[in-house]
Amino acid sequence: MFVTSLEMIKKAREGKYAVPAFNAENMEMVKAIVEAAEKASSPVMIQTTMPTVKYIGEETAVAMARAAAERASVPVALHLDHCTSFDGVMRALRAGYTSVMIDGSKLPFEENAELTRRVVDAAHPMGVTVEAELGTVGGKEDNVSAGIIYTDPDEAKSFVERTGVDILAIAIGTAHGFYKGEPKLDFDRIAVIKDLIDTPLVLHGGSGVPTESVKRAISLGMSKVNFATELRAAMTAAVRDALTDASIIDPKKFMGPGKDAVVALCLHKIEMCGSAGKA
């Protein structure tokens, strides 16, 4: 089922679990994500960053996700991750994305709110969910690079009221990419913000965060958790291992193991999010 993301995330918030959101780079990853969701009977979000969109195209991303979702018995949404421009969001909306993120987190508060409001006004009449970010997640992922600026709870309340955004990514100490040590997360900040707003919260930078930390963040109010770097690493390692056999020249023979590795990792993350059986 190819759906928008808001309903599944609202259900996750009410049920105190999280929707797993996995970044995909190609057909194999799209198919792997949906296959894992089917096996676990979990709702799922497929995500593409802007560099990935530039590589494969919005229409191709939608076609792959829609084809996989329409054959599935679980709800699947296609989400544009960390788009920093209004025009980029509009291209995704025209192509058929069912969920979008406008990331104005590097802008001053007023400019971030204004940009987010413009996107909300454009997306909502089309029935598309809008995610925004307040504060900044650290590290680097594709074209996203930043230091950590923790989300201010009072600003989060004002931001949601002014923009009408559907879901909000908050900064609690996570970062994109792999961590050099265990991240120190501000769990109290999640609880405070959840008590101030009804908008579901998103945890970015989920790759490499210890299982217990992810589960604790979810128990305190995170309703969507993003995973990207670990999926890329798992696929690449499996493909690299398959290619040690110099006789293999058929892409199906080395991409197949890559796909299988992503399925296994997604199943682990679905279990971590508590979304198994919630489709």
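General observations
- Pairing residues of region 182-207 that are more than 29 Å from Leu231 (Cβ to Cβ) and at pLDDT 95 or above with residues that are of a type outside the set (D, E, K, R) and in a strand (DSSP E or B), at Cβ distances under 9 Å and at least 6 apart in sequence or on separate chains, gives Ile197/Leu168.
- Verdict on Ala37 being more than 12 Å from Lys224 (Cα to Cα), assigned to a helix (DSSP H, G or I) and touching a helix residue (DSSP H, G or I) at 6+ places or on another chain (Cβ under 9 Å): yes
- Residues satisfying the stated conditions in region 8-29, i.e. touching a strand residue (DSSP E or B) at 6+ places or on another chain (Cβ under 6 Å), under 23 Å from Glu58 (Cβ atoms) and either among the polar types (S, T, N, Q) or assigned to a helix (DSSP H, G or I) (or both): Met8, Ile9, Asn23
- Options Val76, Val165: the member that is among the aliphatic types (A, V, I, L, M) and touching a Pro at 6+ places or on another chain (Cβ under 9 Å): Val76
- Evaluation of Ala123 against the conditions (1) loosely packed, with under 15 Cβ neighbours inside 10 Å; (2) assigned to a helix (DSSP H, G or I) shows that the sole unmet condition is (1).
- Screening the candidates Arg71, Arg117, Arg94 for the property of being at pLDDT 95 or above, more than 18 Å from the chain's Cα centre (by Cα) and surrounded by 15 or more Cβ atoms within 10 Å (Cβ to Cβ) yields one hit, Arg117.
- Counting only helices (runs of 4 or more DSSP H) wholly contained in region 42-99, the ones carrying 1 or more residues that are closer than 22 Å to Val137 by Cα and not basic (Lys, Arg) occupy 50-56, 86-95.
- Within region 221-255, the only residue that satisfies the criterion of being farther than 30 Å from Leu201 by Cβ and either in contact with a strand residue (DSSP E or B) (Cβ under 9 Å, 6 or more places away or on another chain) or in contact (Cβ under 8 Å) with a residue 40 or more places away in the chain (or both) is Met255.
- Among the residues making up region 97-108, those that are buried (at least 17 other Cβ atoms within 10 Å of the Cβ) and in contact (Cβ under 8 Å) with a residue 40 or more places away in the chain are Thr98, Ser99, Met101, Asp103, Ser105.
- Counting only residues that are among the aliphatic types (A, V, I, L, M) and surrounded by fewer than 17 Cβ atoms within 10 Å (Cβ to Cβ), region 74-91 holds 1 of them.
The values are calculated or read from the model by the stated rules, or taken from the named source; none is laboratory data. Values in this document were obtained by computation on a predicted structure and should not be read as measured data. Note that we place each Cβ from the backbone using ideal geometry, even for glycine, and neighbour counts take in every protein chain shown.
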